[in-house]
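Chemist: Submitted below is the structure of interest, expressed as structure tokens.
The values are calculated or read from the model by the stated rules, or taken from the named source; none is laboratory data. Being a predicted model, the structure only gives us computed values, none of them experimental. Cβ coordinates were reconstructed from backbone atoms using ideal geometry, including for glycine residues, and neighbour counts include every protein chain displayed.
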Ligand code: AVJ
């Protein structure tokens, strides 16, 4: 997140998290917006819709890996039952897939504590209500925090921590930032604690492109929702219909990119930021990177952040990877 809080000449709105991100991003060249801006109430709802799309294999595939291997994953994370596991999830959201893992932990040790961390409070409330109803031996503690700027202490209570960072959320970060994030996690846990990382695999380009540019146009609506959010929260004058959703595969950087392309030469104002922006026809706002990883890339990332890869699970098509690592 950018911070301009020490520059007094900027409008007040440019000093809020959303305002400063938008200000810096849209006055940069090329124009960019950070993907965390997608997730207002409507954007979070659209993302949930994306996870149900036939083209968006990520969520379904990772869930399949969990439903098939949850017991094996938890057995591998366990130190032979000497210490029970305590579960912590980064970016938990509604923690829908997490239940499969929590059930496996409950089968092994009975009572389970689950610390669910997310920037947004409402999905955490949903998660707590649902999980405690479905799996009575689990106690959910919701914590509203931005894990990218560092979460406070991660309680162990004499247990072995298992940190879940699933859903390929790691793919939204630049490689150096992803590494810092994992190092930060490592710094907050102890030797022998466990990390379970879910990361999308590099695969055929057409499969990737379809997943980020679906027939029904849900991903396009998700992408354009950031403009609607700017209009509402910062008094922007974006006409979302004058921008086109674009997904492209960047082979060199091993990432899918999402952009919003201006269909015409146009001017857009953002009142609260006192901005008057110009767009050339065909000019784009770069709104997201979604990195795709080989097993080797994940292994090296883990090695460089104080973890050792112990096991990895994938699906039949090898489209998604779930990696268990030990803090060393
Ligand atoms: C939530 C970051 C895993 O990159 O696939 C879905 C977000 N963007 N469709 C992803 C997203 C477009 C998603 N992650």
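Chemist: Taking the condition of being modelled with pLDDT of 95 or more and farther than 15 Å from residue 165 by Cβ, how many residues in segment 66-83 meet it?
Modeler: Here the count works out to 9.
Chemist: Which of the residues spanning segment 200-230 are more than 25 Å from residue 299 (Cβ to Cβ), touching a helix residue (DSSP H, G or I) at 6+ places or on another chain (Cβ under 9 Å) and part of a loop (DSSP other than H, G, I, E, B)?
Modeler: Passing the criteria: 212, 213, 214, 216.
Chemist: Still on this structure, I have one more. Return the residue satisfying two criteria in turn: it lies in segment 121-134 and is surrounded by fewer than 17 Cβ atoms within 10 Å (Cβ to Cβ) and touching a residue at least 24 places away in the same chain (Cβ under 8 Å), and of such residues it is farthest from the chain's Cα centre (by Cα).
Modeler: Result: 134.
Chemist: Continuing with the same structure: Being buried (at least 22 other Cβ atoms within 10 Å of the Cβ), more than 14 Å from the ligand (Cβ to nearest atom) and touching a residue at least 12 places away in the same chain (Cβ under 8 Å), is that true of even one residue in segment 203-222?
Modeler: Scanning segment 203-222, I find no residue that is buried (at least 22 other Cβ atoms within 10 Å of the Cβ), more than 14 Å from the ligand (Cβ to nearest atom) and touching a residue at least 12 places away in the same chain (Cβ under 8 Å), so the answer is no.
Chemist: Search segment 259-274 for residues being in contact with a strand residue (DSSP E or B) (Cβ under 8 Å, 6 or more places away or on another chain) and crowded, with 18+ Cβ neighbours inside 10 Å, and hand back the single one that is farthest from residue 206 (Cα to Cα).
Modeler: 270
Chemist: From the list 198, 167, 93, 171, exactly one residue is at pLDDT below 95 and surrounded by 14 or more Cβ atoms within 10 Å (Cβ to Cβ). Which is it?
Modeler: 93
Chemist: Would segment 230-238 turn up any residue that is more than 30 Å from residue 12 (Cα to Cα) and either out of contact with any strand residue (DSSP E or B) (no Cβ under 7 Å at 6 or more places or on another chain) or buried (at least 20 other Cβ atoms within 10 Å of the Cβ) (or both)?
Modeler: Scanning segment 230-238, I find no residue that is more than 30 Å from residue 12 (Cα to Cα) and either out of contact with any strand residue (DSSP E or B) (no Cβ under 7 Å at 6 or more places or on another chain) or buried (at least 20 other Cβ atoms within 10 Å of the Cβ) (or both), so the answer is no.
Chemist: Tell me the strands (runs of 3 or more DSSP E) entirely within segment 267-328 that contain at least 2 residues that are without any contact (Cβ under 8 Å) to a residue 24 or more places away in the chain.
Modeler: 275-279, 307-314
Chemist: Taking segment 142-193, which residues are part of a loop (DSSP other than H, G, I, E, B), touching a residue at least 60 places away in the same chain (Cβ under 8 Å) and more than 16 Å from the ligand (Cβ to nearest atom)?
Modeler: Those that are part of a loop (DSSP other than H, G, I, E, B), touching a residue at least 60 places away in the same chain (Cβ under 8 Å) and more than 16 Å from the ligand (Cβ to nearest atom): 151, 154, 155, 156, 157, 158, 159, 189, 190, 191, 192, 193.
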